[in-house]
Amino acid sequence: MNIAYLNGSYMPAEEIRISPDDRGFLFADGVYEVVRWYQGNFFDMEGHTARLKRSLGELRLEWVGADTFPVISEELIRKNDLEDTPALIYIQVTRGAAPRSHAFPAVQTDPTVYAFARGFDPDPGKYVAGINILMKKDIRWSRCDIKSVSLLPNILCFQEAVETGNSECAFVRDGYITECSHSNIFFLINGILFTHPESENILSGISRRKVINLALKAGLQVNEVAVAEKDIDKVDEAFLTNTSAEVAPVISINKKKIGNGRPGEVTMQLRAMFAAETAILRNHKQTH
Ligand code: PLP
């Protein structure tokens with residue numbers, strides 16, 4: 001039986017009930033977070049909790065229990081017998097249920113906090129050959145740094161990617177490549193790694209930061225500088241980063257080959273370095 005979390009209680013997922021007046025449903029007035037479980041430890045739980053708290057703060061959404069996210073996550077892993085399985089925790093916090101009005105609800109309105117754990121198959125094999133991605137105009141709002149549940153442009157772009165045989169969709173804003181529907185993107189040009197700087201135009205990925213640190217450790221020069229769409233022909237390697245894929249080599253964008261059309265050497269080195277870090281997480285199991 002799948003056990004989920006709602007507002008302080010753990011219960012069978014099918015018993016979860018959320019009001020149709022919930023502002024998450026009516027306005028997408030909420031934030032979320034996704035953290036990966038590596039059979040023994042979470043990946044940078046501190047970083048994910050800090051980002052959740054930042055997103056809540058930016059939306060002036062108060063959840064006094066935000067610091068309990070790690071505890072809720074561990075409980076969900078335990079209650080769902082996922083200790084020895086690759087898994088993800090999803091948490092969503094909305095501004096609660098209240099009569100529909102654009103103004104914030106009365107101060108005593110409790111946020112809605114919903115979380116679940118899900119085992120998943122990371123299937124590293126699917127990245128060996130590299131992935132193809134689509135690239136489209138970034139039609140999202142101007143606060144992409146907030147991990148808000150308002151994801152319509154991301155969904156539309158990703159769906160188009162799926163329907164056209166691609167694995168992800170990158171966004172271009174004012175001529176510059178920002179990020180993807182649910183990943184950050186890196187480019188290798190003349191031996192230098194480029195990725196869009198932290199700004200209101202991208203989500204600051206936990207994996208993005210990890211990869212930057214790994215690249216610096218490997219002696220690479222990293223420029224947190226956006227790459228222009230017009231410079232895509234200069235790109236030797238490209239890859240995506242996110243919580244579930246870690247580092248995913250990109251071999252084409254809008255059907256145009258990147259480099260030699262195969263996963264790049266630097267990309268695969270960074271992918272291996274990331275895997276080595278997560279292997280440590282697996283080997284040092286916490287006691288439950
Ligand atoms: N950018 C966007 C828009 C995302 O939704 C995500 C993850 O869902 C990322 C980047 C990657 O973030 P992380 O590495 O923390 O998973």
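Please treat every number below as a calculation from the coordinates, not as lab data. Quantities reported herein were computed from a predicted structural model and do not represent experimental measurements. Note that each Cβ is placed from the backbone with ideal geometry, even for glycine, and that neighbours are counted across all protein chains shown.
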Angle between the chain longest axis and helix 69-79 axis [Cα atoms, degrees, rounded to 10]: 80 degrees
Where in the stretch 5-41 is the amide nitrogen less than 17 Å from a point lying 7 Å along the Cα-to-Cβ axis of V71? 5-11
Can you tell me the orientation of helix 206-217 relative to the chain, as the angle in degrees between its alpha-carbon axis and the longest Cα principal axis, to the nearest 10? 40 degrees
Taking the simple approach of a point 7 Å from Cα along Cα-to-Cβ for both S150 and N283, what is their distance in nm? 4.6 nm
Helix 45-58 versus the longest principal axis of the chain: what angle, 0 to 90°, nearest 10, using Cα atoms? 70 degrees
Take the chain, connect every pair of alpha-carbon atoms lying under 10 Å apart with a spring to form a Gaussian network, then pick out the residue of E229, E15, E74 with the largest mean-square fluctuation. E15
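List the chymotrypsin sites (Phe, Trp or Tyr not before Pro) within the stretch 137-207 that fall in a DSSP loop (any state other than H, G, I, E or B) and whose Cβ has at most 13 other Cβ atoms within 10 Å. Could the numbers behind the result be given before it?
Numbers: sites: W141, F158, F171, Y176, F186, F187, F194; in loops: W141.
Passing sites in the stretch 137-207 are W141.
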So what is the relative contact order of the stretch 13-82, in percent, for Cα pairs below 8 Å that sit 6 or more residues apart? 22 percent
Any chance you could get the radius of gyration and Dmax over the Cα atoms of the chain, in Å? 19.5, 59
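When only C-alpha pairs under 8 Å and at least 6 residues apart count, what is the relative contact order of the chain, in percent? Spell out each step's value before the answer.
Numbers: 562 pairs, mean separation 54.0, N = 288.
Relative CO of the chain lands at 19 percent.
If you take the beta carbon distance between T109 and D81 as r and set R0 to 41 Å, what does 1/(1 + (r/R0)^6) give as a FRET efficiency, to the nearest 0.05?
Working: r = 35 Å, r/R0 = 0.85.
The calculated FRET efficiency here is 0.70.
Calculated FRET efficiency, E198 and M1, Cβ-Cβ r, R0 41 Å, to nearest 0.05? Walk me through the numbers on the way to the answer.
Details: r = 41 Å, r/R0 = 1.00.
Rounded to the nearest 0.05, the efficiency is 0.50.
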Assuming R0 = 41 Å, what is the FRET efficiency of V225 and R17, from their Cβ-Cβ distance, to the nearest 0.05? 0.30
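Given a cut-off of under 8 Å on Cα pairs at least six residues apart, what relative contact order in percent is computed for the stretch 111-224? Could you put the intermediate results ahead of the total?
Numbers: 138 pairs, mean separation 25.8, N = 114.
With pairs under 8 Å counted, the relative contact order is 23 percent.
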